[in-house]
Amino acid sequence: MNLDNLIGRIVISKAGRDKGKYFIVVGAVDEYYVLIADGKLRPGSKPKKKKLRHLEITDIIANEIADSILCGNKLTDSMIRQYLKINVLQLNDRNKEV
């Protein structure tokens, strides 16, 4: 997967202290690491560096956040929290149906 396609994507942590928590990819370090934030414990100003193999990548992309990051605009924690809140509910509903 292209690293630029990961920016703005919702991911779930598979390992570590944050296992099971939802994040948004806010940057790519290299082919093995990305930067993730959730707007609460990990603000956009201090994202967590995480290995890609420790993340479950979902098919949901936060287009507004991805566009904001790629254009160089400032990313607010409230934007991240709001988008995660809406889409995590959708993911949970989708998983219950399966």
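The values are calculated or read from the model by the stated rules, or taken from the named source; none is laboratory data. Note that the coordinates shown come from a computational prediction; the quantities given were computed from them, not determined experimentally. Quick reminder, even Gly has a Cβ in these numbers, built from the backbone with ideal geometry, and neighbours come from all protein chains shown.
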### Task
Go through segment 32-48 residue by residue and tally those that are over 13 Å from residue 65 (Cβ atoms), among the aliphatic types (A, V, I, L, M) and out of contact with any Leu (no Cβ under 8 Å at 6 or more places or on another chain).
1
### Hits in segment 33-54 - residues which are within 16 Å of residue 19 (Cβ to Cβ), among the hydrophobic types (A, V, I, L, M, F, W, C) and in contact with a Phe, Trp or Tyr (Cβ under 8 Å, 6 or more places away or on another chain)
36, 52
### Query
Pick from segment 24-56 the residues that are of a type in the set (Gly, Ala, Ser) and within 16 Å of residue 87 (Cβ to Cβ): which of them is modelled with the lowest pLDDT?
39
### Message
Given the criterion farther than 17 Å from residue 81 by Cβ, out of contact with any Phe, Trp or Tyr (no Cβ under 9 Å at 6 or more places or on another chain) and either of a type in the set (D, E, K, R) or in contact (Cβ under 8 Å) with a residue 24 or more places away in the chain (or both), identify the matching residue among 14, 21.
### Response
14
